[in-house]
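Here is the structure we will look at.
The values are calculated or read from the model by the stated rules, or taken from the named source; none is laboratory data. Computed from a predicted model, the values in this text were never measured in an experiment. Virtual Cβ from ideal backbone geometry, glycine too; neighbours counted across all protein chains shown. To get the accessible areas, we keep the full protein, side chains included, count just its heavy atoms, and leave off ligands, DNA and RNA. Shrake-Rupley method; radii C 1.70, N 1.55, O 1.52, S 1.80 Å.
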Amino acid sequence: MPEHFDLEARDIIYKAADGLGVRTILSIEQLKIPQGSRVALQGSSGAGKTTLLKVLSGIIRADMGFVRWGSTILSDLSESRRDVWRGENCGFLFQDFGLFDGLTAVENVLLPETFTGSIKAAARQQARELLDRFGVHADASARHLSRGEMQRTALARLLMGSPKVIFADEPTASLDEKNARRVMQALVESSEELGATLFVIT
């Protein structure tokens with residue numbers, strides 16, 4: 001991991017139509033987050049939390065201002081280059097687990113690896129170790145997992161890429177209190193081990 005992967009966002013303005021006109025969703029004069037920080041975003045529905053994550057990750061580009069991660073000014077990159085940057089640096093966890101019912105837990109975790117060609121034995125071992133750590137049976141069909149197990153499987157898949165920054169958009173919204181605590185503990189501990197910056201919408 002590079003020594004310097006701090007976040008700086010400055011003079012951010014993002015506007016969007018809301019049916020009544022154009023509304024300013026984000027207006028941020030300056031935001032600085034050191035690498036390895038853990039940030040929780042709270043606010044009412046429609047406050048712009050998800051939009052902020054999308055701007056910070058380069059999914060969308062603000063109307064004004066810039067976003068810099070380390071030495072990379074993300075807002076200056078083309079859409080395709082931002083896509084590549086996200087693939088190399090970011091992990092995403094949502095309340096929709098994004099698992100394929102017809103695959104086992106370990107096959108779901110290894111799914112991104114299939115796009116790189118053959119899956120190496122080390123990757124298979126890592127996937128199984130992550131699932132074991134999170135209390136998920138590697139060979140269980142995804143359709144038979146509990147909701148908590150599904151989210152922990154999605155987390156294991158995210159961690160396979162050793163992301164430098166993790167964006168979690170209400171990852172426990174559909175879980176009961178016990179499973180929510182377990183997922184959040186795993187998420188925080190994993191980000192600490194990676195030295196990754198963690199953004200959680202809650």
| query | In terms of solvent-accessible area of protein heavy atoms at a 1.4 angstrom probe, what is the ranking of 73, 59, highest value first? | reply | 59, 73
| query | Efficiency by 1/(1 + (r/R0)^6): what FRET value for residue 193 and residue 20, r their Cβ-Cβ distance, R0 = 30 Å, to the nearest 0.05? | reply | 0.05
| request: Using a 1.4 Å probe and ignoring any ligands, DNA or RNA, find the accessible area of residue 130 and quote it in Å² to the nearest 10. | output: 20
| remark: With -39,500 (n - 2.57) per DSSP H segment of 4 or more residues and division by the full residue count of the chain, the 222 nm estimate, nearest 500 deg cm²/dmol, is -10500 deg cm²/dmol
| note | GNM on the chain, Cα springs under 10 Å; top mean-square fluctuation among 91, 19, 102 goes to 19
| request: Could you tell me the largest-minus-smallest coordinate of the C-alpha atoms of the chain on each of the three principal axes, in descending order and whole angstroms? | output: 49, 35, 27
| Relative pair counts by distance (%), Cα atoms of the range 4-122, 10 Å bins | 11, 35, 31, 18, 5, 0
| field | Residue with peak Gaussian network fluctuation, the chain [Cα springs, cutoff 10 Å], from 175, 74, 53 | value | 175
| message | Taking each pair of distinct Cα atoms in the range 92-202 once, what is the resulting Kirkwood hydrodynamic radius in Å? | response | 13.9
| request: Name the long-range amide H neighbours of residue 62: under 5 Å, sequence gap of 5 or more, or other chain; modelled H, no Pro or chain starts. | output: none
| request: Find the lysine pairs in the chain meeting two conditions, Cα atoms under 30 Å apart and a separation of 8 or more places or different chains, and report how many there are. | output: 13
| request: Kindly report, to the nearest 10 Å², the accessible surface of residue 5 as traced by a 1.4 Å probe over protein heavy atoms only. | output: 10
| Pair residue 47, residue 202: separation of 7 Å Cα→Cβ label points (nm) | 1.3
| task | Please work out how much length the chain gains when fully extended from residue 147 to residue 129, using 0.36 nm per residue of separation minus the C-alpha to C-alpha distance, in nm with one decimal. | result | 4.5 nm
